[in-house]
Amino acid sequence: MSEFNRQKIVESVPQKGFFGHPKGLFTLFFTEFWERFSYYGMRAILVFYLYYEVSNGGLGLDETTALAIMSIYGSLVYMSGIIGGWLADRIFGTSKAVFYGGILIMFGHIALSIPGNVAMFFISMVLIILGTGLLKPNVSSVVGEMYAEDDNRRDAGFSIFYMGINLGAFLSPLIVGSVMDYSFHLGFGIAAIGMFAGLVMFVFTKKKNLGLAGTTVPNPLSATERKKTLTYIILGITVIAILCATLIPAGILTIDSFIALVGILGIIIPTMYFIVMYRSPKTTAIERSRILAYIPLFIAAVMFWSIQEQGATILANYADKRTQLDFAGIHISPAWFQSLNPLFIITLAPLFALMWVKLGKRQPTVPQKFSLALLFAGLSFIVILLPAYFGGTDSLVNPLWLVLSYLICVIGELLLSPVGLSATTKLAPAAFSAQTMSLWFLASAAAQAINAQIVKFYSAETEMVYFGVIGGASILLGILLLIISPKIQSYMKGVR
Ligand code: GLU
Ligand code: ASP
């Protein structure tokens, strides 16, 4: 985006009105609050919907398949951000992308709220994957657009926005989880209403609060490019349709082979991203060095998100199958455990922010923070193998073990997630700055693509080895990263 455009956008947004931040932050905060409310509410019960018996209102899939589907779903949701980012950059701008995305997501949840079958679930999955790809990276980009280049409120703005994300993620599992026993479809219906509320909020306040933010198309397609792209899209869709129509009945494209395919894409796409950025003539020597520094950080992020995201799959299953749910006089819904991560994020994020201010220049460097995050993530898995170590796998476990595991993982998340987002924007080559948001989300996509492959090793009998090996791998990687962190820091060429 040109300097002139950027300045015009900043001038069009009322610069005060939401906790001393641009008024548009109010709109984006609540839009994303509701989008995450619907996403995490849906995910909190989806895993159970997939494997609960049909007689209990579920789809009756086997547990391993259900957990793998949850992971590829999560992976594709973040991978599709590449398409969402491209459409916004080249065709309709971020604001429209957010709007269209919200509509698709809402219909995705509506599809799930109608009692149906596996086919209905897959239709909904496609809608939500495409919708989130349109909405999620773009709503975050608009946050960035509202601040002038040198505005030092920007990081704080992102922190407030991050609170909105987690507030939504905290409330919905409690609400949606409470109705799950009565009807899964009612739960998905609540998610749809949440997305509807987000859309209403966005549409009615954007004109007044967002000004020109999100309305420009930074790099529009020329007329000939348009024609070419349209042909490619039609061709692509036709090829995919033909492949599906022939490979599914032939038994070649099965859930298992699809999971393997996503696993491969999860690795190939970020690798291509790095190669293209590194080799581009638009990338300077300093930027090349920063790309090299970013690679180990990206790998660390993949390891971290692999464990964090298993909080919604493996640990959700653990909550359902291995945990005492009648505890301290109340009956706990297994879905409620999904509120723990965002609850801890909301409570601890301000403490971390304060700690970084207090430590000032003495705070750990970015690679050091990442290695600490891996140690905590690893520890969160080691902790959850202890109940089996002490009490075997036949008896039910005190829910406080899970609470402790989520808490430890969140400490890691606060050392990695906000730090990573800001480091990504600083380390990205200028020519690729618009795509950096999608690059960061690709770490979560790769992590969940890998998770889809490894969940098959999990069962109550193997849980100790499972948690031990993955937790141990994370700790080892953390130590390795700590050792090479001065080297990484030097490759970062001044970025802190
Ligand atoms: N949980 C955060 C969100 O939904 C982080 C996502 C990620 O980077 O994986 O926005
Ligand atoms: N902490 C996650 C994120 O920042 C939310 C979650 O896992 O529920 O959105």
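The values are calculated or read from the model by the stated rules, or taken from the named source; none is laboratory data. Predicted model only: the values in this text are computed from it and were never measured. Cβ: placed from backbone, ideal geometry, glycine included. Neighbour counts: every protein chain shown. Surface areas here come from the heavy atoms of the whole protein model, side chains and all, with no ligands, DNA or RNA. Shrake-Rupley method; radii C 1.70, N 1.55, O 1.52, S 1.80 Å.
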Exercise. Among the residues of segment 382-404, is there at least one that is open to solvent by less than 20 Å² (accessible area, probe 1.4 Å) and closer than 22 Å to Pro296 by Cα?
Worked result: no
For this session: Pick out the one residue from Ala156, Ala191, Ala169 that is surrounded by fewer than 17 Cβ atoms within 10 Å (Cβ to Cβ), part of a helix (DSSP H, G or I) and either more than 16 Å from ligand 2 (Cβ to nearest atom) or among the hydrophobic types (A, V, I, L, M, F, W, C) (or both).
Result: Ala156
Seminar exercise, completed: Of (1) in a helix (DSSP H, G or I); (2) more than 26 Å from the chain's Cα centre (by Cα), Gln15 fails just (1)
Exercise. Which one of these is within 30 Å of Ser380 (Cα to Cα), modelled with pLDDT of 90 or more and crowded, with 16+ Cβ neighbours inside 10 Å: Arg322, Arg288?
Worked result: Arg322
For this session: For segment 388-410, state whether one or more residues are among the aromatic types (Phe, Trp, Tyr) and either under 24 Å from the mean Cα position of the chain (by Cα) or outside any helix (DSSP H, G or I) (or both).
Result: yes
For this session: For Gly420, work out the one condition from (1) part of a helix (DSSP H, G or I); (2) closer than 30 Å to Tyr273 by Cα; (3) open to solvent by 10 Å² or more (accessible area, probe 1.4 Å) it doesn't fulfil.
Result: (3)
Seminar exercise, completed: Residue pairs qualifying under the 8 Å Cβ cut-off, at least six apart or on distinct chains, with the first in segment 409-430 being under 22 Å from Ala285 (Cα atoms) and the second being within 12 Å of ligand 2 (Cβ to nearest atom), are Ser422/Phe158
Exercise. If you go through segment 221-258, how many residues are assigned to a helix (DSSP H, G or I), in contact (Cβ under 8 Å) with a residue 24 or more places away in the chain and aliphatic (A, V, I, L, M)?
Worked result: 1
Exercise. If a residue has to be of a type outside the set (S, T, N, Q), away from ligand 1 (no atom under 16 Å from the Cβ) and not in a loop (DSSP other than H, G, I, E, B) to count, how many in segment 311-329 make the cut?
Worked result: 7
Exercise. Which of the residues belonging to segment 423-435 are open to solvent by less than 10 Å² (accessible area, probe 1.4 Å) and either assigned to a helix (DSSP H, G or I) or within 16 Å of ligand 2 (Cβ to nearest atom) (or both)?
Worked result: Ala423, Thr424, Leu427
Exercise. Which condition number does Leu359 fail, the rest of (1) farther than 25 Å from Arg322 by Cβ; (2) away from ligand 1 (no atom under 16 Å from the Cβ); (3) touching a residue at least 40 places away in the same chain (Cβ under 8 Å) being met?
Worked result: (3)
